[in-house]
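S.K.: Take a look at this one; I'll ask things after.
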Amino acid sequence: MTELTLTLIRLAFLAVLWLFVMAALSVIRTDLFGPRSAPKVPSRANADARPAKAPTRGKRGSPRKVLVTHGPLSGTSLNLGESPITIGRANDATLVLSDDYASSRHARLFLRDGQWLVEDLGSTNGTYLDRAKVTRPTPVPLGVPIRIGRTVLELRK
Amino acid sequence: MSAVTDPVPAPRRRRGVELAMLVFAVLIAMAAYASVGLALDNVLPPRMLAYGLGLGALVTVAHIVVRRTAPYADPLLVPLITMLNGLGLVLIYRLDIAEAAAARQSGDPVPSPDATGQLLWTALGVAIFVGVLLLLRDHRTLQRYTYTAGAAGLVLLALPGLLPASISEVNGAKLWIRIGGFSIQPGEFAKLALMIFFAGYLVTKRDVLSLAGRRVLLIDLPRARDLGPVLVAWAVSLGILVFERDLGTSLLFFGIFVAMLYIATERTSWLLIGLGLFLSGAFLASRLFSHVQERLDIWLHPWAGDNPTNDAYQLVQGLYGLAQGGLLGTGLGQGRPEMVPFAKTDFIIATLGEELGLTGLVAVLLVYALVVERGLRAALAARDPFAKLLAAGLAFALALQVFIVVGGVTRLIPLTGLTTPFLSYGGSSLLANWALVALLLRVSDSVRRPAPQPIQDEGMTQVVSR
C-alpha cells in the first residue's frame, strides 16, 4: 500500500460516513414533508403507478386546515386529511383542548361527500356554528367560527 | 407539555427505507473493517465477509421483527444504531490488533481479543431488542409497573455500592457485579427502570409539581413542600457519588430526573433548582472526598507535571490522540490509539478522533444527534403523557450520556467513567442501549400508527324501533 492509496482510502471512508449522515437527513426530510411535495413535477413512474392519488387533494376551495382563533390554544392549526377530527379535553382527541368549558369528547369534524361537517358529541356546554347551536351534523363553510367552550375554530384553506 | 400535536402527515410504514439504510450501515462497518486491514496488513482482512454477514444477519433479524411487531416505527433508529455498533466493533478489533502488537514487542502475554466478545454482546443486544418488541406490545403496559420499576431501579443502582469491594470494585469505581469471569454493570439497566418510574410518577404528579409558589426574578418558584421528590433524587445521586465513586452515573441519573421534571411541568425553575443542587452537592463532595477532588484536579490542571505521568496521564494521552488526528484523522489503522489507557471503553471517542479526525468525530456525533432527534420527535407527536415523558426521557438520557463522555474526553467537563453508547466495549451498556432503542421504537410505532377508523361513521343518531 502506498501512502497515496491509504490517503485516498481514508478520505473515501470519511466521505462515505458523511454520505450516510446525509442519507439519514434526507429520510427525515421526506418523513416531515412527505414524498408528494418533494418533486414539483411528478415523475412519470409515480404518476403511472398511483393514479388514484389525485382525489385526496379534493376540489378547489375545500378547506385544508382547521385553525384555532380564540381561546387557550389560539394560533394552533391542524391539517385536514380525510380522517375525522375529534375535539375535546380527552387525551385521545385529535385536538386536545385545555379549556375548562369544553367536554372531554366535545365535538367531531368529519368529511362526507367532500364536505366537512361538525357534530356535537353530547357536550355539556354545546357547540355553536357561528351563532346557531349545532344539534345535528351541520356543514361547515370556510371561515365560519365554530365555538366550543371558550375556544373558537375555523376551517381555512 | 403541549397538548396539541400536528397529526403525522400520511402515516406510512417506510420499512423499505429502513432496510436500505441498514444495508448502508452494514456496508460502512465493512468498509471500516477493510480499511483497517489494508492499512495494517496490506490485504483485505480474511474474515471481512464473515464479519459483514454476521452483523448483517443480526440486524436482518431485528428488521424482520420490527416489520412484524412495530410496522409504523421510525425507519431511522435501527440503521443509525447499527452503524454506531458496527463502527464500534471495528474500533475494538483495531485496538485488539494494536494491543497484541504492543504486548508482543514488550514480551508480555498477548491479551485475548475483545472484538469477538463484543460481537457476542451485540448478538445478545439484538436478542434483548427483539424480546422487548415481542413481549411489550403496548408501551402503556409499562405504566402499570411504575413503582415496581422504581424499586427495581433503586435496588440495581444501590447493589454495587452495598456489595463488598472485592465483587463490585473495578478501577476505583464500585459499579460492577462480578461473578466468576462474568461482570455486569447494573447501573445501565437501572437507568432504564428508573426512566419508566419517573415517567409514570410524573404523569400522576405533574399537576401538583407545576403549581407555582412565590415569583422571584421573573421565575415562578415551586412551593417549598413540593421540593420533596427533587431532594430525594438529589440525595440518591449524591449517594452514588459517595458510595460508588462515580461522578458520571451520578450526573446522568440526576440530569435525567431534572430534565423529565422540566418536560412534565414546563417550569424553568426546576432546571435552575436542579443545576444549583447538583453544583452545590458536587462542590461539597469535592471538599469532603479525595476521589472527587482528584477528578477536578485532573480536569483543571492536566499538565501539572512536565511529563504527564501523574493521574492525568489518560486524559492527556486522549487529548494528544485527538490533536494527532486533526481535521481528517490519521486513517483507520494508522494512528496509535493504544497509547491511551482504556481506549476500548471510556476513551473510544479519542480513538475515533485520532483515526477519523474531527470530520469523522462530528459525523458520529451527528448520528447520535439524529437518534436523539428521532426520539424527541416521537415524544412530541405522542398523545398520551406517559409515552411523551418516556420517549423524551429515553432520548434525553442518550444525549446526556454522550455529552458526559465526549465532554469528559475533550476536557469540557471533568472526566467520568461512562461508556459511549453502542461504540464502547461493554456488554451491559450495549444490552441496555439496545433495549432503550426498542422502547423508543415501541413508542414511535404507536405514535405514527394511523388512528383506527371510528365505528360510528354516520353522523346521524340512529333511530331504534321495536
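The values are calculated or read from the model by the stated rules, or taken from the named source; none is laboratory data. All of these numbers come straight from a predicted model, not from anything done at the bench. No Cβ is skipped: glycine too gets one built from the backbone with ideal geometry, and neighbour counts run over all protein chains shown. Ligands, DNA and RNA are stripped out before the accessible areas are found, and what is left, the full protein with its side chains, is counted by its heavy atoms. Shrake-Rupley method; radii C 1.70, N 1.55, O 1.52, S 1.80 Å.
S.K.: At a probe radius of 1.4 Å, figure out the B/A buried accessible area, summed over both chains, and give it in Å² to the nearest 100.
M.R.: Chains B and A together bury approximately 3900 Å².
S.K.: Can you list the residues of the stretch B:14-36 that have at least 40 square angstrom less accessible area with all protein chains present than in their chain by itself, probe 1.4 Å?
M.R.: B:14, B:21, B:24, B:28
S.K.: Using a probe of 1.4 angstrom, how much of the accessible area of the stretch B:141-288 is carbon and sulfur, in percent?
M.R.: Percent of accessible area from carbon and sulfur atoms in the stretch B:141-288: 69.
S.K.: Just tell me which aspartates and glutamates come within less than 17 Å, Cα to Cα, of residue A:157; anything on the same chain fewer than 8 places away is out.
M.R.: A:82, B:6
S.K.: Label-point separation (nm) for residue A:4 and residue B:148, each offset 7 Å from Cα along Cα-to-Cβ?
M.R.: 6.6
S.K.: Sort the following peptides by mean Cβ neighbour count (other Cβ atoms within 10 Å, averaged over residues), highest first: A:13-23, A:134-144.
M.R.: For the peptides A:13-23, A:134-144, the packing ranking is A:13-23, A:134-144.
S.K.: With the Cα gyration tensor of the protein assembly as shown in hand, convert its eigenvalues to equivalent ellipsoid semi-axes via √(5λ) and list them largest first in whole Å.
M.R.: 49, 32, 20
S.K.: Write down the Kirkwood hydrodynamic radius of the stretch B:338-401, to one decimal in angstroms, obtained as one divided by the mean of 1/r over all alpha carbon pairs.
M.R.: 13.3 Å is the Kirkwood radius here.
S.K.: Now a separate question. Compute the label zone of residue A:135 within the stretch A:85-125: residues whose backbone N is under 17 Å from the point 7 Å along Cα-to-Cβ.
M.R.: Under 17 Å, as judged by backbone N against the label point of residue A:135, lie A:118-125 of the stretch A:85-125.
S.K.: Can I ask one more? Students often get this wrong, so check it: of B:191/B:388; A:65/A:133; B:344/B:388; B:191/B:344, which have C-alpha atoms separated by over 25 Å?
M.R.: Details: B:191/B:388 17 Å; A:65/A:133 22 Å; B:344/B:388 34 Å; B:191/B:344 22 Å.
Over 25 Å apart, Cα to Cα: B:344/B:388.
S.K.: Moving on. Go through B:265, B:239, B:326 and say which Cα lies farthest out towards the positive end of the charge dipole of the stretch B:230-327; charges sit on Cβ, +1 for Lys and Arg, -1 for Asp and Glu.
M.R.: My answer, from the dipole projection, is B:265.
S.K.: Mind putting a number on the dipole of the protein assembly as shown about its Cα centre? Charges go on the C-beta only, +1 for Lys and Arg and -1 for Asp and Glu, and I need it in Debye to the nearest 20. Show your work: numbers first, answer last.
M.R.: On the way: 59 positive and 42 negative charges, 611 e Å.
About 2940 debye.
S.K.: Computed FRET efficiency, Cβ-Cβ of residue B:124 and residue A:74, R0 45 Å: what is it to the nearest 0.05?
M.R.: In this case the efficiency is close to 0.30.
S.K.: How large is the convex hull of the C-alpha atoms of the stretch B:141-288 per residue, in Å³?
M.R.: Working: hull volume 16.5 nm³, N = 148.
So the per-residue hull volume is 111 Å³.
S.K.: Report which residues of the stretch A:109-150 become buried by 50 Å² or more of accessible surface when going from the isolated chain to the complete set of protein chains (1.4 Å probe; DNA, RNA and ligands ignored).
M.R.: Buried-area filter returns A:112.
S.K.: Contour minus end-to-end for residue B:284 and residue B:451, with contour as 0.36 nm per residue of separation and end-to-end as the Cα-Cα distance?
M.R.: Result: 54.9 nm gained on full extension.
S.K.: Please report, for the Cα atoms of chain B, the Rg to one decimal and the Dmax as a whole number; what are they, in angstrom?
M.R.: So, for chain B, Rg and Dmax equal 23.6, 99 Å respectively.
S.K.: I've got another one for you. With r as the distance between the Cβ atoms of residue A:15 and residue B:60 and R0 = 22 Å, compute the FRET efficiency 1/(1 + (r/R0)^6) and round to 0.05. Please list the in-between numbers first.
M.R.: Working: r = 26 Å, r/R0 = 1.20.
Given R0 = 22 Å and the Cβ-Cβ separation, E is 0.25.
S.K.: Give the accessible surface of the protein assembly as shown per residue, rounded to a whole number of Å², with probe radius 1.4 Å and ligands, DNA and RNA excluded.
M.R.: Result: 47 Å² per residue.
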